[in-house]
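Have a look at the structure below before the remarks.
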Amino acid sequence: MTHTPGPWEVKNGCNVFAPAVRIPLTKNDYIACTGGLSGTDTIERDAANARLIAAAPDLLEAVQKLLPLAAKSFGALTVDLDAARAAVAKATGGAA
């Protein structure tokens, strides 16, 4: 499984207040809005969620590169490495 290539970015988009995560579908289309649905989130929380979602491909790539190195260098940290592997598997649909 591969995800839509980036860059993913945060822009205002859903409405004046809600940040949107722009993942390139078309020039003017974005894939997700991060706020305004429950009525309880703040603009700051919406923006933080949008930034986290937009950073996801970069975070995934960084962890995938670090896992083999960490396993060689820090084999005793298997619990932490297992958690990182589980996060990668979750992000990639099962392939760590």
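The values are calculated or read from the model by the stated rules, or taken from the named source; none is laboratory data. Just so it is clear, the structure is predicted and the values come from calculations on it, not from any experiment. With ideal geometry, Cβ positions are generated from the backbone for all residues, glycine too; neighbour counts draw on all protein chains shown. Calculation scope for accessible area: heavy atoms of the full protein, side chains included, ligands and nucleic acids excluded. Shrake-Rupley method; radii C 1.70, N 1.55, O 1.52, S 1.80 Å.
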*Here are some residues: Gly93, Gly39. Which one is on the phi > 0 side of the Ramachandran plot, open to solvent by 60 Å² or more (accessible area, probe 1.4 Å), modelled with pLDDT under 75 and not polar (S, T, N, Q)?*
Gly39
*Give me the pairs, please: first residue somewhere in the stretch 80-96 and within 14 Å of Leu69 (Cβ to Cβ) and basic (Lys, Arg), second residue anywhere and modelled with pLDDT under 75 and open to solvent by 50 Å² or more (accessible area, probe 1.4 Å), beta-carbon distance under 6 Å, and either six or more positions apart or on two chains.*
Arg85/Ala96
*Any chance the stretch 3-24 includes a residue that's surrounded by 15 or more Cβ atoms within 10 Å (Cβ to Cβ), part of a loop (DSSP other than H, G, I, E, B) and at pLDDT 75 or above?*
yes
